[in-house]
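One structure is given below, encoded as structure tokens.
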Amino acid sequence: MSELELLRAKIEKTTLQMLELFNERGKIAQEIGKLKEMQGVKRFDPIQERKLLNLLAEHNDGPFDTTTVQHVFKEIIKASLELQKDDNRKALLVSRKKKPEDTIVSILNENIGDGNAHFIMGPCAVESYEQVKTVAQAMKKQGLTLMRGGAFKPRTSPYDFQGLGLDGLKILRQVADEEGMAVISEILDPNDMEVALDYVDVIQIGARNMHNFELLKVAGATNKPVLLKRGLSATIEEFIYAAEYIIAQGNDQIILCERGIRTYERATRNTLDISAVPILKKETHLPVVVDVTHSTGRKDLLLPTTKAAIAVGADAVMAEVHPDPAVALSDSAQQMDIAEFNAYMDEVKEFAKVVQKSP
Ligand code: PEP
Ligand code: MN
């Protein structure tokens, strides 16, 4: 063996020894992560990191200079933190790693998450019995049973229409019972939850409340499915943790709703994060719905984004329908009228057949 070959063999051996030690260190970091999780202590500890870097400086005899050594070890410390994070995610009850099978949320006769495309339609806000009835009848003609409608409206301005409240829920229930449909409606206040349960089949938690942890806990303590919307500027990770708040209370009937996030783009009301759908399906076992109305804020984009949602694997699509959008008390620009809704549904059904998802 030449001297070069000998040295190469030596370097290979040392590299493998380092690999072994690297992974051994990783395992210890995982143990530390578990302990910290149990004790509720933060994973990142800058004082401990500084201590380790000082230790390296003290013991470094070269030939690498201390800055280089510290740089390399900073990367190792970062990788260890990532390991701890991964372990923590695996432990989440909503995680696909925890439960590999799809969760199916059954509402009336529809099973969201069964591989077919489902549709949640209805007005932005409940305004009158006649208004809800007209939309429900149009939906029924299209074979749809999942009706949305806001009774408690989270409006940007306190001077805008705030919804009919309990009266709105009563209208939704009455029409739904008459037409054989299910009611999906947003609850804003934990104190309204109990009475709302008498009227709704699905509790909607709106984008503005995704971080309202007390509301999430109250919804998690009910036995009704929860449609959880992604926060206005929430990351996918934050969205998943919000769902974890619900499931942690014992309620696993959760539907995740991508409804667009706030970006610098003004061509649409929000930016539909279409890749969130396959990511959420991969990371969690929960069904995912795409709200094409609030994400785009544009009628002309409802159809293409619905097709995109179905094609990318969404379990359901939500959109708003109003008998006379021009006079709607909220979201008048982007609600479909009945004729537009019929044209939309006809085309969506054709598309669903092409991608083999019977609506
Ligand atoms: C809604 O669906 O009625 C609504 C208010 O949407 P978001 O919470 O997504 O803004
Ligand atoms: Mn709306």
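Accessible area per residue for region 68-219, computed on protein heavy atoms with a 1.4 Å probe, is 44 Å². Summing Lys and Arg as +1 and Asp and Glu as -1 over all other residues whose Cβ lies under 12 Å from the Cβ of Ala151 gives a net charge of -1.
Ordered by 1.4 Å accessible area with all protein chains kept, Arg262, Arg298 run largest first as Arg262, Arg298. In this simple spin-label model, placing a label point 7 Å from the Cα along the Cα-to-Cβ direction at both Thr268 and Glu31 gives a separation of 4.9 nm. When Rg and Dmax are taken over the Cα atoms of the chain, they come to 25.9, 92 Å. Taking only C-alpha pairs under 8 Å that are 6+ residues apart, what is the relative contact order of the chain in percent? It comes to 15 percent, rounded to a whole number. When a 1.4 Å probe is rolled over the protein heavy atoms, the share of accessible surface on the chain that falls to carbon and sulfur comes to 56 percent. Legend: distances between Cα atoms for Lys99/Lys307; Lys98/Lys217; Lys27/Lys281; pairs beyond 25 Å are Lys99/Lys307; Lys27/Lys281. Pairs of alpha carbons in region 186-329 separated by more than 27 Å make up 20% of all such pairs. Of all the stretches in the chain, which is the longest one without any exposed loop site, taking GluC sites (Glu not before Pro) in a DSSP loop (any state but H, G, I, E, B) with at most 15 other Cβ atoms within 10 Å? It works out to 102-264. Taken along the Cα-to-beta-carbon direction at a fixed 7 Å, the label points for Leu7 and Asp346 span 7.9 nm.
Can you tell me what the convex hull of the Cα atoms of region 261-354 projects to on average, as an area in nm²?
Numbers: hull surface 26.4 nm².
Approximately 6.6 nm², given one-decimal rounding.
Calculated over region 63-161, the projected area of the Cα convex hull averaged across directions stands at 13.2 nm². Averaged per residue, region 248-316 has 37 square angstrom of accessible surface, using a 1.4 angstrom probe with ligands and nucleic acids left out.
The values are calculated or read from the model by the stated rules, or taken from the named source; none is laboratory data. Since the structure is predicted, the reported quantities are computational estimates derived from the model, not experimental observations. All Cβ positions, glycine included, derive from the backbone under ideal geometry; neighbour counts span all protein chains shown. For the accessible areas, the whole protein counts, side chains as well, though only heavy atoms, and no ligand, DNA or RNA atoms are used. Shrake-Rupley method; radii C 1.70, N 1.55, O 1.52, S 1.80 Å.
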